[in-house]
1. Pull out the extension gain between SER271 and ASP110, defined as 0.36 nm times the separation in residues minus the alpha carbon to alpha carbon distance; nm, one decimal.
2. Once fully extended, how much extra length lies between ARG120 and PHE201, figured as 0.36 nm per residue of separation less the alpha-carbon to alpha-carbon distance?
3. Please arrange HIS94, HIS277, HIS226 by how many other C-beta atoms lie within 10 Å of their C-beta, fewest to most.
4. For the range 215-319, state the semi-axes of the equivalent ellipsoid (square roots of 5 times the eigenvalues of the alpha-carbon gyration tensor), sorted largest first and rounded to whole angstrom.
5. Distance from a point 7 Å along Cα→Cβ of ASN188 to each backbone N in the range 244-270: keep the residues under 19 Å and list them by number.
6. Give the dimensionless ratio obtained when the Cα radius of gyration of the range 96-161 is divided by 2.2 N^0.38 Å.
7. Relative contact order of the range 9-196, please, whole-number percent, based on alpha carbon pairs below 8 angstrom and at least 6 residues apart.
8. Once you put a point 7 Å from the Cα of ASP93 and another 7 Å from the Cα of ASP136, both along the Cβ direction, what distance in nm separates them?
Amino acid sequence: MVTRQARPIPVTVIGGFLGAGKTTLVNHILGGDHELKIAVMVNDFGAINIDAALITSTEGGLYSLSNGCVCCGLNQGLVEQLEELLSARIDIDHIVIEASGVADPARIMDTVRYARFAGRLRGDAIVVLVDAAGFDGAIAAAPGLAEAQVGSADLLILNKTDLVSRDTLDAWHARWAFPDTRTIETTNARVPFDLLFASGFPSRGASSPFTAVPVHEQAESITWRHDGPIDAKRLHGVLAALPARIYRAKGFVQASDGRLFAVHVVGTRVSFEPAAHLPEGFDGQSLLVLVGFGRDLPFEGVLAQLNGCGALARSGKKGSA
Ligand SMILES: Nc1nc2c(ncn2[C@@H]2O[C@H](COP(=O)(O)OP(=O)(O)OP(=O)(O)O)[C@@H](O)[C@H]2O)c(=O)[nH]1
């Protein structure tokens, strides 16, 4: 008889461009009524793993993958984390890997399917989210990447349908969806669990015509920290006017009236979402990670503007993955 522990653990890779709704989907899964014990691995692009802070607690364990992009190179960090998880937690029903927004999810799934994991892991599905309101912006920001992510999907989730018209959604399907890829539309990534964990998605007859470009080389991130409260209105103004090439910003801030917010910038859309507390490790600081594409991004000027949103701000440290 095959024991429960001997069965390979199914793995779902969640991909999609920056800000498409991957963490929203992970939180939907973790808060869901599916009776699965799920371990989540998160790979974020910037120097600080904001996604790990945005994710609600998980019974199966939360594993923060190394910074940068785990789809590059030999994925040693991912291999090590998977080995650690496999040796530590035999009672996990499912593993979910949230890729960074600049990752090629197909390459992450390749790692899951390495021979060394045979019999222990089973690559279940690549689930790719698309920001219905931001797909054109994603293509403009990083040509080649968003298309390749879509091309690698076993299950495609056209998310943020609340932000666009029916005509826009129909035009997206006509232009980008593969006829043999299961595609659904969602708001706030509310994917039905029986579909998400269905397994056995048909593999597409034709391979994707889109090849992932090595966009990590074009992507850069920077971290901004601030020790005291910030002027939320002014910060909103600065973020709303970010240069187009700085596509994504996210983090947590404390406003001068004491309120705490998770802050998101996706393309031209800025949102301040009330937060119950600053995440562990933030030490009372407001902190934003900004990600952009291309050479000579005007980060210094942006940092100066951000510093102007609070008297005690100090500039961040530039880095790339
Ligand atoms: N209006 C709207 N906003 C959404 C929807 N889904 C997610 N969002 C918002 O989009 C922003 C980005 O969502 P995330 O889930 O953090 O996106 P992500 O793909 O994990 O982002 P990265 O990890 O940076 O690539 C957040 O402000 C979400 O609340 C949706 O269906 N409609």
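All of the numbers you see were taken from the coordinates with simple rules; none came from a lab. Note that this is a predicted model, so its numbers are computed, not measured. Neighbour counts run over all protein chains shown; Cβ positions are idealised from the backbone, glycine included.
1. Details: separation 161, 0.36 × 161 = 57.96 nm, distance 3.48 nm.
Result: 54.5 nm gained on full extension.
2. Values: separation 81, 0.36 × 81 = 29.16 nm, distance 1.98 nm.
Residue separation times 0.36 nm, minus the Cα-Cα distance, leaves 27.2 nm.
3. Working: HIS94 20, HIS277 8, HIS226 23.
By the 10 Å Cβ count, ascending: HIS277, HIS94, HIS226.
4. On the way: eigenvalues 95, 37, 34 Å².
Semi-axes, largest first: 22, 14, 13 Å.
5. Within reach of a label on ASN188, which here means backbone N under 19 Å from a point 7 Å along Cα→Cβ, the range 244-270 contributes 261-266, 270.
6. Working: Rg = 13.3 Å, N = 66, 2.2 N^0.38 = 10.8 Å.
Output field value: 1.23.
7. On the way: 363 pairs, mean separation 54.8, N = 188.
So the answer I get is 29 percent.
8. Inter-label distance under the simple model: 4.2 nm.
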